[in-house]
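This report refers to the structure that appears directly beneath it.
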Amino acid sequence: MLSSAEKLAAAGADFIICPDNTIHQAFNLVVGKSPRPWLHIAEVVATEAQEARYRRLGVLGTRVLMDGPVYPSCLDRADLEYDLPDPGERQRINEIIFQELVKGVLRTESRAEVRAIIERLGEKGCDAVILGCTELPLLIEQPDSPLPILDSTRLLARAALRLAVTGSKV
């Protein structure tokens, strides 16, 4: 991350983004040494959730992301609650991502499985769901989801554009 930030700064970047959610686990190790400021993908998502007045978010992504600190730490700081799919569902989402989506395989059955997982998160009190993986929006779009979607990659891109054009994060 730091090497990439240095290359981007040398190329003239004013700030840095990374659309990979999972790598943000190393964010705190890098950001203080970075030659440019970063937009943190989970902070962008948390801000969007607050603005939309969501209270409790379901988090979907790779198993490493769902089991890791990236979203819990940012959502906690934003006073947002969150929930995760159960361990078996987390494993299944991970399999769909790595065995299908990264290979460009989009299965109707997998869409139905993820939709059902989102539905169960809604039954547990979630009022929106984070797609915390670059590939998940290939499978699940808003019409497919029983809950509002927070597409982390798309939200990060919009935040970066806003910052580049206006100089403001909000």
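Look at Gly88 and say whether it is modelled with pLDDT of 95 or more and either exposed (fewer than 13 other Cβ atoms within 10 Å of the Cβ) or aromatic (Phe, Trp, Tyr) (or both). The answer is yes for Gly88.
Candidates are the residues of the range 98-147 that are β-branched (Val, Ile, Thr) and in contact (Cβ under 8 Å) with a residue 12 or more places away in the chain; the one that is nearest to Tyr71 (Cα to Cα) is Ile130. Tell me whether the range 58-67 contains one or more residues that are within 15 Å of the chain's Cα centre (by Cα), β-branched (Val, Ile, Thr) and in a strand (DSSP E or B). Yes, that holds for at least one residue. In the range 70-80, the qualifying residues are those that are in a helix (DSSP H, G or I) and out of contact with any helix residue (DSSP H, G or I) (no Cβ under 7 Å at 6 or more places or on another chain), and the one that is surrounded by the most Cβ atoms within 10 Å (Cβ to Cβ) is Ser73.
Do we find that Leu121 is closer than 21 Å to Gln91 by Cβ and modelled with pLDDT of 95 or more in this structure? Answer is yes for this residue. Just name the residue that is surrounded by the most Cβ atoms within 10 Å (Cβ to Cβ) out of those in the range 49-69 that are of a type in the set (Gly, Ala, Ser) and within 20 Å of Leu147 (Cβ to Cβ). Step by step, filter the range 49-69, then rank; the result is Gly58. Taking Glu43, is it buried (at least 17 other Cβ atoms within 10 Å of the Cβ), within 11 Å of the chain's Cα centre (by Cα) and of a type in the set (Asp, Glu)? Judged against the criteria, Glu43 is a match. The residue that is surrounded by the fewest Cβ atoms within 10 Å (Cβ to Cβ), among those in the range 1-37 that are hydrophobic (A, V, I, L, M, F, W, C), part of a helix (DSSP H, G or I) and in contact with a strand residue (DSSP E or B) (Cβ under 9 Å, 6 or more places away or on another chain), is Ala9. Within the range 1-19, residues that are more than 22 Å from Arg158 (Cβ to Cβ) and modelled with pLDDT under 90 reach partners that are loosely packed, with under 13 Cβ neighbours inside 10 Å and charged (D, E, K, R) with beta carbons closer than 8 Å, at six or more positions or on different chains, in the pairs Leu2/Lys33. In the range 148-170, the qualifying residues are those that are surrounded by 17 or more Cβ atoms within 10 Å (Cβ to Cβ) and in contact (Cβ under 8 Å) with a residue 24 or more places away in the chain, and the one that is nearest to the chain's Cα centre (by Cα) is Ser152.
The values are calculated or read from the model by the stated rules, or taken from the named source; none is laboratory data. As the structure is a prediction and not an experimental result, all values here were calculated from the model. Backbone-built Cβ (ideal geometry, glycine too); neighbour counts: all protein chains shown.
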